[in-house]
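Visitor: I have a structure I would like to understand better, so I am pasting it below and will then ask my questions one at a time.
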Amino acid sequence: MVLTYSKYDKLKKGDLAPEFSLKGIDDKTHLLEEFKGKNLLIVFMCNHCPYVQPKFDYLSELQEKFNDLQVIGINSNSEVIEEDSFENMKEYAETGNFKFLYLDDNTQKTAKDYGAECTPDSFLFNSEHKLVYHGRLDDAHMYEHEEGTTAEIEDALQQLNERKEVTIKEEPSIGCNIKWK
């Protein structure tokens, strides 16, 4: 495992979310345009990462808590790590009772377009799909959300819901590196 941090050399605050066309664990192809008018939390993640696994429940909680939010998990390791395969994505989502979309980026194009580097790597977009926050979910990196002392992503979502400018300080996420082909 190579410990990696978020990088900020691709998307900047205010940039539009790059388009994508990715297969979900529901066997449907999902496009960015289907989420018009919704805030988006896009989290690059995978099945095997010990930094992601403790966040599965938290991502589902965020999906249920914020009505105008779509949480999307994107796995860019499916063709590189057996545990992250598409079939295993389905199994993890079913076992974990995921309430959010889980999409397969088997070409890794989407991860490159977003500048994702690690798992988890979180990008929050407003309803116009402009980037308002890129960073960690909280400070409980390898632990359940409840064990942390911060909730940056939730604070950013609250500001977004209150139609305020998102001013939460962006701290880089930390986790396993995306396993590039």
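Visitor: List, please: which pairs have Cβ atoms under 7 Å, are six or more places apart or on different chains, and start with a residue in segment 72-92 that is surrounded by fewer than 18 Cβ atoms within 10 Å (Cβ to Cβ) and end with one that is of a type outside the set (Ser, Thr, Tyr) and assigned to a strand (DSSP E or B)?
Guide: Short answer, once both residue conditions are applied: Phe86/Asp104.
Visitor: Further, regarding this structure: All but one of (1) farther than 28 Å from Glu82 by Cβ; (2) in contact (Cβ under 8 Å) with a residue 60 or more places away in the chain; (3) touching a helix residue (DSSP H, G or I) at 6+ places or on another chain (Cβ under 7 Å) hold for Met142; which doesn't?
Guide: Met142 satisfies all of (1) farther than 28 Å from Glu82 by Cβ; (2) in contact (Cβ under 8 Å) with a residue 60 or more places away in the chain; (3) touching a helix residue (DSSP H, G or I) at 6+ places or on another chain (Cβ under 7 Å) except (1).
Visitor: Taking the residues in segment 11-32 that are of a type outside the set (A, V, I, L, M, F, W, C) and outside any loop (DSSP other than H, G, I, E, B) as candidates, determine which candidate is farthest from Gly135 (Cα to Cα). Working first, answer last.
Guide: Of segment 11-32, the ones of a type outside the set (A, V, I, L, M, F, W, C) are 12-15, 18-19, 21, 23-24, 26-30.
Filter again for outside any loop (DSSP other than H, G, I, E, B), leaving 21, 23-24, 29-30.
Values: Ser21: 23, Lys23: 25, Gly24: 24, Thr29: 27, His30: 24 Å.
Taking the candidates together, the pick is Thr29.
Visitor: Has segment 42-50 got any residue that is touching a Cys at 6+ places or on another chain (Cβ under 9 Å), within 30 Å of Arg163 (Cα to Cα) and of a type outside the set (S, T, N, Q)?
Guide: The first filter runs over segment 42-50 and keeps only residues touching a Cys at 6+ places or on another chain (Cβ under 9 Å), leaving 44, 46, 48-50.
In the following step, the residues that additionally are within 30 Å of Arg163 (Cα to Cα) were identified as 44.
When the remaining residues are screened for being of a type outside the set (S, T, N, Q), the result is 44.
Yes, that holds for at least one residue.
Visitor: Let me ask something additional. What number of residues within segment 94-112 satisfy the criterion of being of a type in the set (A, V, I, L, M) and either closer than 21 Å to Asn177 by Cα or exposed (fewer than 15 other Cβ atoms within 10 Å of the Cβ) (or both)?
Guide: Of segment 94-112, the ones of a type in the set (A, V, I, L, M) are 101, 103, 111.
Adding the requirement that they be either closer than 21 Å to Asn177 by Cα or exposed (fewer than 15 other Cβ atoms within 10 Å of the Cβ) (or both) leaves 103, 111.
Qualifying residue count for the region: 2.
Visitor: Can you go through Tyr8, Tyr51 and tell me which one is modelled with pLDDT of 95 or more, within 17 Å of the chain's Cα centre (by Cα) and part of a loop (DSSP other than H, G, I, E, B)?
Guide: Working: Tyr8 fails: modelled with pLDDT of 95 or more.
Result of the check over Tyr8, Tyr51: Tyr51.
Visitor: Scan segment 46-61 and tell me whether some residue there is crowded, with 23+ Cβ neighbours inside 10 Å and farther than 22 Å from Glu152 by Cβ.
Guide: Yes, segment 46-61 has at least one match.
Visitor: Identify the single condition in (1) among the aliphatic types (A, V, I, L, M); (2) out of contact with any Asp or Glu (no Cβ under 8 Å at 6 or more places or on another chain); (3) closer than 24 Å to Ser76 by Cβ that Leu160 does not satisfy, given that it satisfies every other one.
Guide: Status for Leu160: all satisfied but (3).
The values are calculated or read from the model by the stated rules, or taken from the named source; none is laboratory data. All values reported here derive from a predicted model rather than from experimental measurement. Counting neighbours? That spans all protein chains shown, and the Cβs are built from the backbone with ideal geometry, glycine included.
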